[in-house]
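Notes follow the structure.
The values are calculated or read from the model by the stated rules, or taken from the named source; none is laboratory data. Model, not experiment: these values are computed from the prediction. Cβ atoms come from the backbone with ideal geometry, glycine included; neighbour counts cover every protein chain shown. Just the protein is used for accessible areas: all its heavy atoms, side chains included, with ligands, DNA and RNA removed. Shrake-Rupley method; radii C 1.70, N 1.55, O 1.52, S 1.80 Å.
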Amino acid sequence: MPADTTLETAIATIANLEEAIADLQQLALEDRGWDRLLAGAQDDLTDEGRRRIGDMCNVMTVANPLIKRGFSLRLAYIWGSGCEQVVKPGTADKQGRVAALIDQVWQDPRNVGSWASEQAREQLERWLYTRGAVVLLLHTPTTTDATSGGVPTGGLVIRQEDPNHIVDRITDPDDSTRVWFWKREYATRTLNEDGTPGTSKTVTVWHPDLDYQPAPAERRDRIGKDEVRWDQPLLVVAVNKPASATEVWGVPDCYAAIPWARMSKEFLEAWYTLMRALARFAWKSTSSTGAGKKLMDRARQAQAAAGAPLDDPARAGAHAVLDAGTTLEAIPKTGATIDASSGQPLQQMVAAALDVPLTMLLTDPGVSGARAVAETLDQPMELTMGARRRLWGAIMGRIAWHKIATAIEAGTAQIPGADVTYRDGQRTVILPDGWAPIISTDWPDYDSVPVDVLLKALRDADGLDVLPPELVARLVMSALRVKDPEEWLEKMRDKHGNLLPASVWLDRTLARGEEHGEGA
């Protein structure tokens, strides 16, 4: 019996332990901190939460120095050196007609303020920084004043749209992340015939996503009572999207840095308050004798008559007048650090959230001032900003192909045999053999190597006789930052298209001059 009793006790103990472990696991899952965090994340992913976050990030980008500086750094690294969309025509496109179609988009005056200018690019990057998404309305003008039943003219006007105006979406029933239609609501105000402002009203329309292009015969004119604008597809690009099977919107670049930027601001305010408090009182006087008290009373009266009370605590360097039984002492500061640099860990969190080095965020190389440290931190930032550059390059490519497709549909492409087909909501551009272009985006390198070092390296590489002359010429012009290198390279070619060295080019020019009787 004793043995059986011990076994039963052990079994009961194990059961109690298993139950206790289960209770601990349940308590861990129900921890209030995690509940608040998960609930906050769910609220943030709603349309109202997304707008609230965007408004907060927008204000902080204007008002908070750290958030503003972070945006300036990212903008400088992504767009500061500019970019160029390069279209290499196919072998059959002798006149560069495809490239001319794409150039029309960048050179259209209507696209300068919204797409093809430095100010437009700053605003585009700001959308991603403060809203987590950029919405581009690609308007294709038609012969009937841009109505859905009109004939497209082949033109393309790009407009930036506020993501807050997108209030709903319709997705593919088989793929919740593939959007077919976007619902857009915006306010507009009419103009009366006498020139006075009319009443404002809310307009609701549906726009197809750029990647949803069914055949014209399959397109519906309305969804419910609202019009579908097939001549205005939307290109929606979101960044920092959460891992969700249904979420299509992203999170602003600066969202993770906002609480730490606030803490840094509050820390500096507290530090300033402490420094101001320590600076208020500079003198302390006590007296237990009647003569001393009379002397201090006279000094106090004289200072009050002069408009500067002797013991005014609001004035820096004030004089504290106390009796013998009263003491005035500052709170002990032993072991406490009260300098402004103590808030640097908070600023480091801001830098980490924005993917920028702390030295650049604070415009301070640090105590050591080591250049190597700054350059080491700079490399990960260059890689991060390079990824954003590639994103913008992909967006430019999608717009370019949309332009080609709309020009073919309108019959203005002047590409013989080109066609557009539709299948399963997808539009496919068909070009004849040799007409397909290579569309890429040329971004300047971040490399800050001195020009003389680059030229020496190119000279040594050219001496190895392993690089073609045209490649060497391009690299040299790039190192010297020559504008329009293609134009200069074209001038260096002979009638057969072969690139001539500058010395041969000069000799032939001089020879032609001598033939015409011109001296050197």
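Give region 404-461 a look and list any residue that's of a type in the set (A, V, I, L, M, F, W, C), touching a helix residue (DSSP H, G or I) at 6+ places or on another chain (Cβ under 8 Å) and at pLDDT below 90, or say none.
Result: 413, 443, 451, 454, 455, 458, 461.
Show the residue pairs meeting these rules: Cβ distance below 7 Å; 6+ apart or different chains; first residue within region 388-401 and open to solvent by 60 Å² or more (accessible area, probe 1.4 Å) and at pLDDT below 95; second residue of a type outside the set (A, V, I, L, M, F, W, C) and not in a helix (DSSP H, G or I).
Correct list of pairs: empty, since none qualify.
For residue 152, work out the one condition from (1) over 30 Å from residue 55 (Cα atoms); (2) at pLDDT 85 or above it doesn't fulfil.
Result: residue 152 fails condition (2) only.
Going by what's in this entry, would residue 99 be described as aliphatic (A, V, I, L, M) and either assigned to a loop (DSSP other than H, G, I, E, B) or open to solvent by 60 Å² or more (accessible area, probe 1.4 Å) (or both)?
Numbers: aliphatic (A, V, I, L, M): yes; either assigned to a loop (DSSP other than H, G, I, E, B) or open to solvent by 60 Å² or more (accessible area, probe 1.4 Å) (or both): no.
No, not satisfied.
Restricted to region 230-245, and to residues that are part of a loop (DSSP other than H, G, I, E, B) and not polar (S, T, N, Q), which residue is modelled with the lowest pLDDT? Walk me through it before giving the result.
Taking region 230-245 and keeping what is part of a loop (DSSP other than H, G, I, E, B), we get 230-233, 239-245.
Right, trim to not polar (S, T, N, Q) and you get 230-231, 233, 239, 241-243, 245.
Numbers: 230: 94, 231: 92, 233: 96, 239: 94, 241: 89, 242: 85, 243: 79, 245: 69.
In this case the residue turns out to be 245.
Answer yes or no: is there a residue in region 221-229 that is in contact with a strand residue (DSSP E or B) (Cβ under 8 Å, 6 or more places away or on another chain), closer than 27 Å to residue 125 by Cα, not in a loop (DSSP other than H, G, I, E, B) and not β-branched (Val, Ile, Thr). If you could, list the steps in order and put the result at the bottom.
Pass one, region 221-229, residues in contact with a strand residue (DSSP E or B) (Cβ under 8 Å, 6 or more places away or on another chain): 221-223, 226-229.
Subset that is closer than 27 Å to residue 125 by Cα: 229.
Subset that is not in a loop (DSSP other than H, G, I, E, B): none.
Checked region 221-229: no residue is in contact with a strand residue (DSSP E or B) (Cβ under 8 Å, 6 or more places away or on another chain), closer than 27 Å to residue 125 by Cα, not in a loop (DSSP other than H, G, I, E, B) and not β-branched (Val, Ile, Thr).
Any idea how many residues of region 164-187 are in contact with a strand residue (DSSP E or B) (Cβ under 7 Å, 6 or more places away or on another chain), under 19 Å from residue 226 (Cα atoms) and not aliphatic (A, V, I, L, M)?
Final tally of qualifying residues: 11.
Can you pull out the residues in region 186-216 that are open to solvent by 70 Å² or more (accessible area, probe 1.4 Å) and either under 25 Å from the mean Cα position of the chain (by Cα) or under 12 Å from residue 236 (Cα atoms) (or both)?
211
Name every residue in region 406-457 that is in a helix (DSSP H, G or I), touching a residue at least 60 places away in the same chain (Cβ under 8 Å) and open to solvent by less than 50 Å² (accessible area, probe 1.4 Å), in order of residue number.
406, 407, 410
Output the number of residues of region 47-81 satisfying the condition of being surrounded by fewer than 19 Cβ atoms within 10 Å (Cβ to Cβ) and under 16 Å from residue 123 (Cβ atoms).
Within region 47-81, residues that are surrounded by fewer than 19 Cβ atoms within 10 Å (Cβ to Cβ) and under 16 Å from residue 123 (Cβ atoms) number 7.
For region 476-489, enumerate the residues that are under 27 Å from residue 382 (Cβ atoms) and open to solvent by 70 Å² or more (accessible area, probe 1.4 Å).
First, the residues of region 476-489 that are under 27 Å from residue 382 (Cβ atoms): 476-486.
Answer for region 476-489, where residues must be under 27 Å from residue 382 (Cβ atoms) and open to solvent by 70 Å² or more (accessible area, probe 1.4 Å): 478, 480, 481, 483, 484, 486.
Test of understanding: among 465, 484, 424, 445, which residue is charged (D, E, K, R) and within 30 Å of residue 209 (Cβ to Cβ)?
On the way: 465 fails: within 30 Å of residue 209 (Cβ to Cβ); 484 fails: within 30 Å of residue 209 (Cβ to Cβ); 445 fails: within 30 Å of residue 209 (Cβ to Cβ).
Of the residues listed, the single one that is charged (D, E, K, R) and within 30 Å of residue 209 (Cβ to Cβ) is 424.
For residue 462, only one of the following conditions fails: (1) acidic (Asp, Glu); (2) surrounded by 11 or more Cβ atoms within 10 Å (Cβ to Cβ); (3) closer than 25 Å to residue 233 by Cβ. What is its number?
Of the numbered conditions (1) acidic (Asp, Glu); (2) surrounded by 11 or more Cβ atoms within 10 Å (Cβ to Cβ); (3) closer than 25 Å to residue 233 by Cβ, the odd one out for residue 462 is (3).
So in region 172-185, with the set limited to residues that are among the charged types (D, E, K, R) and out of contact with any helix residue (DSSP H, G or I) (no Cβ under 8 Å at 6 or more places or on another chain), which one is most open to solvent (accessible area, probe 1.4 Å)?
At the first step, the residues of region 172-185 found to be among the charged types (D, E, K, R) are 172, 174-175, 178, 183-185.
Imposing the further condition that a residue be out of contact with any helix residue (DSSP H, G or I) (no Cβ under 8 Å at 6 or more places or on another chain) reduces the set to 172, 174-175, 178, 183.
Working: 172: 23, 174: 145, 175: 62, 178: 61, 183: 46 Å².
Of everything passing the filter in region 172-185, 174 is most open to solvent (accessible area, probe 1.4 Å).
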